[in-house]
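Notes follow the structure.
The values are calculated or read from the model by the stated rules, or taken from the named source; none is laboratory data. Since we're looking at a predicted model, the values are computed, not measured. Quick reminder, even Gly has a Cβ in these numbers, built from the backbone with ideal geometry, and neighbours come from all protein chains shown.
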Amino acid sequence: MLSLIVAYDKNKSIGQENTIPWRLKNDMLRVKDLTTNQTIIMGRKTLDSIGKALPNRINRVLTRDKNTLSHYSNIEVYSDDSILDNIETEKAYIFGGGMIYSRYFDKCDEMFITEVDTIVEADTKFPDFDESEWELISREDFSKDEHNEFNYSFIHYIRRRKE
């Protein structure tokens, strides 16, 4: 199953200068819980912003220039859509950034969204989508606290299949 995981603000902004513009500990824990022992698919800039392969996951990276990633270990590097082939885990998660979300959005079967109750300065946005094409499976709302600087919601959608 091809899934997608993302956090965005009220305007679907996801990042500014290759950084996440908020700190939500519970979102990071959710990401870890969902993606551990799975495959994550990201672009080079997302890998650079993380700084290393995430442990206990298969880290696949899409880039035009494979040589720029030679200093990373525990990653699989791809330059084309074969990045989606031969996935041996139960799920593969489209992990970002903006160009990767746009490229593979139409292939995704489900989305795990963290909607952050704020509006931030951003140079990267999540693609707009028609909610009527998705079935809402769950939504949990949370209040900010000492570890989460904004109110936020965990949302899970599954794509409605045309009959």
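Numerical summary
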{"quantity": "Answer residue from the range 17-47, given it is assigned to a helix (DSSP H, G or I) and free of Cβ contacts under 8 Å to residues at least 40 places away in the same chain and is surrounded by the fewest Cβ atoms within 10 Å (Cβ to Cβ) among those", "calculated": "Asp33"}
{"quantity": "Qualifying residue in the range 111-127 (condition: surrounded by 18 or more Cβ atoms within 10 Å (Cβ to Cβ) and among the hydroxyl-bearing types (Ser, Thr, Tyr))", "calculated": "yes"}
{"quantity": "Within the range 73-117, considering residues that are without any contact (Cβ under 8 Å) to a residue 40 or more places away in the chain and in contact with a helix residue (DSSP H, G or I) (Cβ under 7 Å, 6 or more places away or on another chain), the one farthest from Arg60 (Cα to Cα)", "calculated": "Ser79"}
{"quantity": "Qualifying residue in the range 117-133 (condition: part of a strand (DSSP E or B), at pLDDT 95 or above, of a type in the set (A, V, I, L, M, F, W, C) and under 19 Å from the mean Cα position of the chain (by Cα))", "calculated": "no"}
{"quantity": "Single match in Ile50, Ile14 (criterion: touching a residue at least 12 places away in the same chain (Cβ under 8 Å) and in contact with a strand residue (DSSP E or B) (Cβ under 9 Å, 6 or more places away or on another chain))", "calculated": "Ile14"}
